[in-house]
1. Restricting attention to the stretch 161-178, report how many residues are farther than 29 Å from ARG122 by Cβ and touching a residue at least 12 places away in the same chain (Cβ under 8 Å).
2. Yes or no: the stretch 44-52 includes at least one residue that is within 23 Å of the chain's Cα centre (by Cα), under 15 Å from LEU163 (Cβ atoms) and either outside the structural domain of GLU160 (by TED's automatic domain parsing) or outside any loop (DSSP other than H, G, I, E, B) (or both).
3. For PHE60, all conditions in the list (1) in contact with a Leu (Cβ under 9 Å, 6 or more places away or on another chain); (2) crowded, with 19+ Cβ neighbours inside 10 Å hold save one; what is the number of the exception?
4. Residues that are at pLDDT below 95, within 20 Å of GLN36 (Cα to Cα) and of a type outside the set (Val, Ile, Thr): which strands (runs of 3 or more DSSP E) entirely in the stretch 78-180 hold 1 or more of them?
5. Out of (1) modelled with pLDDT under 95; (2) in a helix (DSSP H, G or I); (3) touching a Phe, Trp or Tyr at 6+ places or on another chain (Cβ under 9 Å), the odd one out for GLN36 is which?
6. Could you list, ordered by first residue, the pairs with Cβ atoms under 6 Å in which the first is in the stretch 17-38 and among the basic types (Lys, Arg) and the second is at pLDDT below 95, at least 6 apart or interchain?
Amino acid sequence: MPFNPLYTFSQAHDELQLRLGNRTDLGTGSADRLNQWLNSAQLRIAGCTIENPDWDVLAFPMTTVNGQSEYSLLEILPPLTGFVGIKNIRNNTTQVKCRRFPWSEYRSLSQQAPGPPMRWTRWGYIIAFDPQPNDEYQIFIDYRRQPTYDTTEIPNIFQEDWLHLSESYGWQALMKLDRAQTAASRISANLQMYLNMQLDDALWDSYWDTDQTIAPFGFDFPYSVGS
C-alpha cells in the first residue's frame, strides 16, 4: 500500500458506490462487484509501463540445473507466480546481465553450446536460457507482480484515474455505455495513452529491454512519464 494513500481500498469501494449512483444491489462479500471492478482496474494499470516500485520485485532467485535449458516458473522453488512481466534477468554467479532474445529463435536452435547462461527468453511461465547451463548458476529475476486483491497499491498520483477506470468498468457492466465513456474520458491523457496500448508478454518484457528491443516492425513505444 502506498504511504498514506489518498484512498484505502474500503474508502475507494465506498467512493465507487457513490459514483455509480449509490446503488445497493452490487453485491457483498465474494460477489461484491465493486471490489471486482476496483481489482480489475488496478490490474489493468499494473499492466501499463508506468513506474510503481510497490509492484516490482527485485532479485527474485532461481538456480539453474546442469544440462537443463527450460524451466517452469510455477515449479521452481520458490515458485514465481502472479506476475505481469519480467523487467531484467541477471546471472549473479558470473555477474553478467542476461540479454533477451525471441522465443522463436530459441525454438529454431538445433543444438545449444554448454556454458553460463547469457541470454533468456520466455513463453508464458516457461523461461529458457542460452547457452545451456553447464553448472548450477544463481539467476536473479526483476519482475512486476500482479497487485494484491482488495488492497490499494496504486500510486497516489493515479488514484483518481483508478477510480475513473473502475467507474467506467461499472457503467459498462450496468449497460450504461454513455456514462462509461464519460468516466473513461476523465482519465488523465498520459495514463490513457498507456491504457490504450494493450501489451502482450513479449511487448511488455521488451519495453524494459535496454540492449536489444524485440518488437514488431512499426511498433512505437510510449514516451516515459514526464517526457
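1. Selection size over the stretch 161-178: 11.
2. yes
3. (2)
4. Numbers: elements: 83-91, 119-123, 126-130, 138-145.
The strands (runs of 3 or more DSSP E) meeting that bar are 83-91.
5. With (1) modelled with pLDDT under 95; (2) in a helix (DSSP H, G or I); (3) touching a Phe, Trp or Tyr at 6+ places or on another chain (Cβ under 9 Å) applied to GLN36, the lone miss is (1).
6. What qualifies is ARG33/LEU26; ARG33/GLY27.
The values are calculated or read from the model by the stated rules, or taken from the named source; none is laboratory data. Predicted model, so just to flag it, every value in this text is computed and none were measured. In this analysis, Cβ positions are derived from the backbone assuming ideal geometry, glycine residues included, and neighbour counts consider all displayed protein chains.
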